[in-house]
1. I'm trying to understand the selection: among the residues of segment 311-339, which are within 17 Å of S249 (Cα to Cα), surrounded by fewer than 20 Cβ atoms within 10 Å (Cβ to Cβ) and touching a residue at least 40 places away in the same chain (Cβ under 8 Å)?
2. When you go through P159, P124 one by one, which is the residue that is surrounded by 23 or more Cβ atoms within 10 Å (Cβ to Cβ) and either of a type outside the set (V, I, T) or without any contact (Cβ under 8 Å) to a residue 24 or more places away in the chain (or both)?
3. Please go through segment 342-372 and give me each residue that is closer than 15 Å to A396 by Cβ and either in contact with a strand residue (DSSP E or B) (Cβ under 9 Å, 6 or more places away or on another chain) or open to solvent by less than 70 Å² (accessible area, probe 1.4 Å) (or both), ordered by number.
4. Taking S173 and the conditions (1) touching a Leu at 6+ places or on another chain (Cβ under 9 Å); (2) farther than 21 Å from K247 by Cβ; (3) part of a helix (DSSP H, G or I); (4) of a type outside the set (A, V, I, L, M), which numbered condition does it fall short on, given that it satisfies the others?
5. Quick check on segment 219-241: of everything there that is closer than 15 Å to A359 by Cα and surrounded by fewer than 14 Cβ atoms within 10 Å (Cβ to Cβ), which residue is modelled with the highest pLDDT?
6. Out of all the residues in segment 246-263, which are β-branched (V, I, T), crowded, with 23+ Cβ neighbours inside 10 Å and touching a residue at least 60 places away in the same chain (Cβ under 8 Å)?
7. So in segment 262-305, with the set limited to residues that are farther than 20 Å from G222 by Cβ and of a type in the set (S, T, Y), which one is nearest to the chain's Cα centre (by Cα)?
8. Hey, among the residues in segment 424-452 that are modelled with pLDDT of 95 or more and not β-branched (V, I, T), which one's least open to solvent (accessible area, probe 1.4 Å)?
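The values are calculated or read from the model by the stated rules, or taken from the named source; none is laboratory data. Just so we're clear, the structure is a prediction, and the values are computed from it rather than from any experiment. All Cβ positions, glycine included, derive from the backbone under ideal geometry; neighbour counts span all protein chains shown. Note: accessible area is taken over every heavy atom of the protein model, side chains too, but ligands, DNA and RNA are not part of it. Shrake-Rupley method; radii C 1.70, N 1.55, O 1.52, S 1.80 Å.
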Amino acid sequence: MQMEKNMDSAARKRLSYLFDDGVYTEINSLSMQKDSLSGVVTAYGYVNGSLVYAYSQDKTVNNGAVGLPHAQKISKLYSLAAKTGRPIVGIHDSNGAFIDGTVDSLTAYGDMIGACAAISGVVPQISVIAGTCAGSAAILACSSDFVVMTNDGELFVTPPFDSEKNGMGTAKSAAKAGTASIVCDDDKTAMEKVVELLRLIPENNLSSVPVYEYSDNAVTAGNTLEDIVSMITDADSVTELSAEFGKASYTALATTGGSTVGIVATNKTNDKLVSDDCAKIARFVRTCDAFGIPVITIVDTEGFEGESETAGCIRNMAMLSGSYSEATTAKITLITGKAYGPAFVAFASKSANADFTFAWEKAVVSPLNPLTAVEFMWHDKLAGAADVAVKRAELAREYVDTCATAEMAANKNAVDEIIACADTKAKLVEVLDVLSGKRVSNLPKKHNNLPL
């Protein structure tokens with residue numbers, strides 16, 4: 001019978017990286033799996049001065065194999081998290097289930113997944129893939145709000161038989177698939193990212209967003225997306241999420257005026273939004289809404305890529321639009337450039353339940369791409385032109401200047417106010433304060449039935 005704890009195991013080191021000063025208190029430390037201790041350390045401690053629960057699988061004990069005692073320890077943490085309204089962090093590193101010829105391992109995973117689902121949207125859940133996370137464990141890990149992986153981590157349901165050739169199961173593939181929110185070089189860096197996330201997220205769905213002292217970034221004018229994000233957020237406060245998934249879009253947690261906000265932007269690249277972008281933004285907005293984090297959306301896009309419709313873009317566009325419409329958290333839209341057709345409807349319109357929609361003077365708000373609008377509205381003006389392409393471009397500029405300006409959108413009440421670039425952060429801080437007491441309830445229902 002093996003009762004001695006390995007106090008130097010990677011599992012315990014990871015917990016020490018997470019908790020303030022490396023101090024934590026174990027729960028059910030003597031729980032046995034057959035003739036040895038169960039291969040998971042469950043504990044509570046303080047992160048950024050606030051109580052957090054965490055479990056860390058220990059491969060030095062039965063290879064971290066998951067059996068009923070292992071699952072019972074983890075389920076206990078989920079129960080405590082629910083009762084006390086505190087976040088839970090799961091650190092995954094196990095070679096799989098404890099196989100003894102019975103269905104106990106299936107019951108074990110079912111218990112953990114059920115416990116995880118029960119508190120989804122109630123308290124923040126963060127998974128860290130620090131080693132192997134396979135089979136049903138992968139389902140458990142990916143049911144959390146955020147997944148942080150190390151470069152050495154493995155995440156898959158069925159074995160990646162040729163991971164070196166195809167990259168299956170790797171952190172890189174998980175990031176590209178949108179499964180991993182953040183990828184880090186090592187355990188210590190991964191846990192530091194978890195600490196950053198916990199600093200920005202409310203403790204539970206009934207808590208107010210965290211508020212901190214802050215300083216402004218030096219950027220006062222926005223040209224690139226990086227400039228705009230720096231201009232509207234506080235210094236050293238931005239944590240980008242899902243950077244390798246849906247590359248035309250941008251999602252991040254940050255603080256603005258000292259308060260946590262979610263940042264969505266549509267112009268990380270000059271490409272139109274595709275299916276992955278829609279899924280990425282919809283998921284992020286739902287996460288922010290679950291914990292009452294205000295969402296600031298920066299719009300500068302020609303819209304959605306038509307060719308991606310065969311890849312499910314229409315379905316994900318509906319999910320995106322529905323996520324914005326249903327979200328009751330504070331929502332502020334800033335149009336910095338182009339806002340064409342369905343993109344305006346999804347991100348900035350009254351139907352998206354935007355509390356405030358602001359636009360810079362140079363913004364273009366149009367039901368169609370201006371070149372397309374010219375074909376519909378002024379096709380007769382193209383007749384007889386010596387160079388149709390040149391004439392079309394000239395008419396498109398005229399259309400923008402006369403029909404699609406920010407001022408015209410404001411005249412039609414599609415935009416609340418036109419603001420100067422330099423005044424943007426001050427305006428955002430002002431309306432975030434105005435919206436801090438927002439209270440909205442949707443119609444009573446079990447849940448929506450948006451396409452996924």
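1. Matches in segment 311-339: A318, G337.
2. Result: P124 is the single residue among P159, P124 that is surrounded by 23 or more Cβ atoms within 10 Å (Cβ to Cβ) and either of a type outside the set (V, I, T) or without any contact (Cβ under 8 Å) to a residue 24 or more places away in the chain (or both).
3. V364, V365, S366, P367, L368, N369, P370, T372
4. Only one criterion is unmet by S173, namely (2).
5. Filtering first and then ranking leaves N223.
6. Selection gives T260, V261.
7. This residue is T287.
8. Across segment 424-452, the extreme among qualifying residues is L428.
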